[in-house]
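Since the structure comes first, as structure tokens, the remarks are kept for the end.
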């Protein structure tokens, strides 16, 4: 992903910061999928645990990408809802701590749908083509996560 062509841009910065460490941002996704992977792994749901691990790793990469984008746009990638301002620090209370498999999958599907909608909305607002390319690449992977989770939920429902 070419971030080198992205320069300081406060308007775009305000648009993308919500994807970083906001209530429904990438940091929440990383923590939620790690939590779910550990819990399902301990219950012997190894296929689902591996799926959650895979998605968590991709979400962690998204966190890195969005953090780098924020930096290129002119702010430090602080774990707040609105970098660079030290307000609204991230809280792990944003994570959905559902314990049941069905509840986890329902929550994750809703979260991925929200991510797809949020990134789509960001693209509609953006006037910065270089930043939009970065967001579009992340959006494609969020759509893939949504498909994986929907397929897994359908398989679990049929079992």
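General observations
- One residue alone among 81, 132, 75 is surrounded by 15 or more Cβ atoms within 10 Å (Cβ to Cβ), without any contact (Cβ under 8 Å) to a residue 40 or more places away in the chain and either under 15 Å from residue 12 (Cα atoms) or in contact with a strand residue (DSSP E or B) (Cβ under 9 Å, 6 or more places away or on another chain) (or both), and that residue is 132.
- Residue within segment 85-108 that is touching a residue at least 40 places away in the same chain (Cβ under 8 Å) and under 20 Å from residue 140 (Cβ atoms) present: yes
- Of all residues in segment 36-57, those that are assigned to a helix (DSSP H, G or I) and either touching a helix residue (DSSP H, G or I) at 6+ places or on another chain (Cβ under 7 Å) or within 17 Å of residue 96 (Cβ to Cβ) (or both) total 13.
- Here residue 149 does not fit the description of being modelled with pLDDT of 95 or more, in a helix (DSSP H, G or I), surrounded by fewer than 16 Cβ atoms within 10 Å (Cβ to Cβ) and touching a helix residue (DSSP H, G or I) at 6+ places or on another chain (Cβ under 6 Å).
The values are calculated or read from the model by the stated rules, or taken from the named source; none is laboratory data. Only a predicted model underlies this, so the values are computations on that prediction, with no experimental measurement involved. Please note: Cβ atoms are built from the backbone with ideal geometry, for glycine as well, and neighbour counts cover all protein chains shown.
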